[in-house]
Amino acid sequence: MKKVMLTLSATVAAAFFSGCICTETTTVPEVKIAGEEEAAPGIKNVEKKPAEPKPAEKKPAAEARPAEVKPAEKETAVTKPVEKKPAPAPKPAEKKPAPVPKPVEKKPAAPAETPLILTDTVWTPVSLYNQGDVKLTKGTTVWFRIHPGKDIVGMSGVNRFSAPAEIPAPGKLKFGLMISTLMAGPEANMKYESLFLNALNRTKSYEITGRELKLFGANGKVLMNCVQAGPGVGEDASSK
């Protein structure tokens, strides 16, 4: 159809330009368009009819199928039977041999201390009833020893001394006239020596408690406290 219309347009255009130039009228033979039953006389303008749009075929909407609801698959947990393992048989207790008791070491008993006695014991004074602030100088030791039924000898601080000693009854004690050397020494020692010898002269009784000796005056007042002297003290004293 398009080719026929283009041919007609070209023919009309050629006739138009030919009419302007030539004065003679040329009759265009009728052109038969293939496909048409009757040819139109003369030149007919082919009317172009707009193609009528065909109505779109409305396809029926697909029916929505209901979603197939599949039943939820229930996962059934298969409980496996717990295998009960037999409890392990208790192991027999290992009998350990009883520890052999160690023999108790018997330490030799300490020899019982020999009770001190008044005689043949070296005594040293630790306090005097009338001592006051008088103190012996360092390195000086006062001591005495009583020989049974005979005398008392010792060191009074500066001089050596001796005197008759009597034990008229248990717990009773008295001394006779004191005799001493006439050595001079530190003033403190000289004062102490005087107090010490005075206490001995006033002694009337004694008492031994443990390792302590107490000398008493006539009124029962303590005149002197003494203890056993250390090793080596008074060893040079000899009986007369």
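The values are calculated or read from the model by the stated rules, or taken from the named source; none is laboratory data. Bear in mind that the values here come from a model prediction, so they are computed numbers and not experimental data. A quick note on method: Cβ atoms are made from the backbone with ideal geometry, for glycine too, and the neighbour counts reach across all protein chains shown. Only protein heavy atoms, including side chains, enter the accessible area calculation; ligands, DNA and RNA are left aside. Shrake-Rupley method; radii C 1.70, N 1.55, O 1.52, S 1.80 Å.
Data for the structure
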{"read-out": "Those strands (runs of 3 or more DSSP E) lying entirely in the stretch 109-204 with at least 1 residues open to solvent by 80 Å² or more (accessible area, probe 1.4 Å)", "value": "122-128, 160-166"}
{"read-out": "Test result for residue 207, surrounded by fewer than 14 Cβ atoms within 10 Å (Cβ to Cβ), at pLDDT 95 or above and not basic (Lys, Arg)", "value": "yes"}
{"read-out": "Residue list for the stretch 210-219, restricted to those being assigned to a loop (DSSP other than H, G, I, E, B) and open to solvent by 50 Å² or more (accessible area, probe 1.4 Å)", "value": "210, 211, 218, 219"}
{"read-out": "Qualifying residue in the stretch 116-133 (condition: free of Cβ contacts under 8 Å to residues at least 60 places away in the same chain, touching a Pro at 6+ places or on another chain (Cβ under 9 Å) and of a type in the set (A, V, I, L, M))", "value": "no"}
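Every residue, every condition in (1) closer than 22 Å to residue 115 by Cβ; (2) touching a strand residue (DSSP E or B) at 6+ places or on another chain (Cβ under 7 Å), yes or no:
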| residue | (1), (2) |
| --- | --- |
| 139 | no, no |
| 150 | yes, yes |
| 162 | no, yes |
| 172 | yes, yes |
| 178 | no, yes |
| 202 | no, yes |
| 227 | yes, yes |
